[in-house]
Ligand code: 4NP
């Protein structure tokens, strides 16, 4: 199964979700291929935000090799599941066109509901990572059933 985590800049929330899902899936022995992208184009080729990288590294997730990219129309067919971090990301992905990927808001699929707050604006990188870890556990519970 191929999963794409999607946010606005692809330097805070979605790279963190990518690394958390990949790490947790591997720990469970689940065959999951995970990538991430942004709807915006400002950070194409850039590494994740240094604050996100630091908080993630403290919890065992290495984001240093990830680079920002923008979602493209082909992603809507290449992935089975697109996990949007907030309602705007979901609407923007749907506006790109038709595809075969199932598109869900990340926290909705996790049974938590709502948007993942953007730490680029809130500054709460710790809180966002905790939320992403909780949601990832719930989603992997669901996918392994
Ligand atoms: P992200 O956060 O969507 O979680 O990667 C953002 C990072 C950068 C910007 C917006 C959101 N920006 O406007 O540059």
| note | Distribution output for the chain: share of Cα-Cα pairs per 5 Å bin in percent, first bin at 0, values 2, 11, 22, 25, 23, 13, 4, 0
| remark: Here the gain from full extension of residue 50 to residue 122, 0.36 nm per residue of separation minus their alpha-carbon distance, amounts to 24.4 nm
| said: 7 Å from Cα along Cα→Cβ at both residue 145 and residue 72: what's the point-to-point distance in nm? | reply: 3.6
| note | Simple SL model, points at 7 angstrom along Cα→Cβ for residue 41 and residue 98; separation in nm is 2.6
| query | Do you know the relative contact order of the chain, to the nearest whole percent, from alpha carbon pairs under 8 angstrom that are 6+ apart? | reply | 27
| request: Any chance you could run the full-extension gain for residue 137 through residue 112? It's 0.36 nm times the residue separation minus the Cα-Cα distance, nm to one decimal. | output: 7.9 nm
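Could you put 80, 142 in order, starting from the residue whose Cβ has the fewest other Cβ atoms within 10 Å?
Placing the least packed residue first, the sequence is 142, 80.
We did not get these values from a lab; they are worked out from the coordinates using the rules stated. Computed from a prediction, not measured in an experiment: that's the story for all the values here. So basically every Cβ, Gly included, is an ideal-geometry build from the backbone, and we count neighbours across all protein chains shown.
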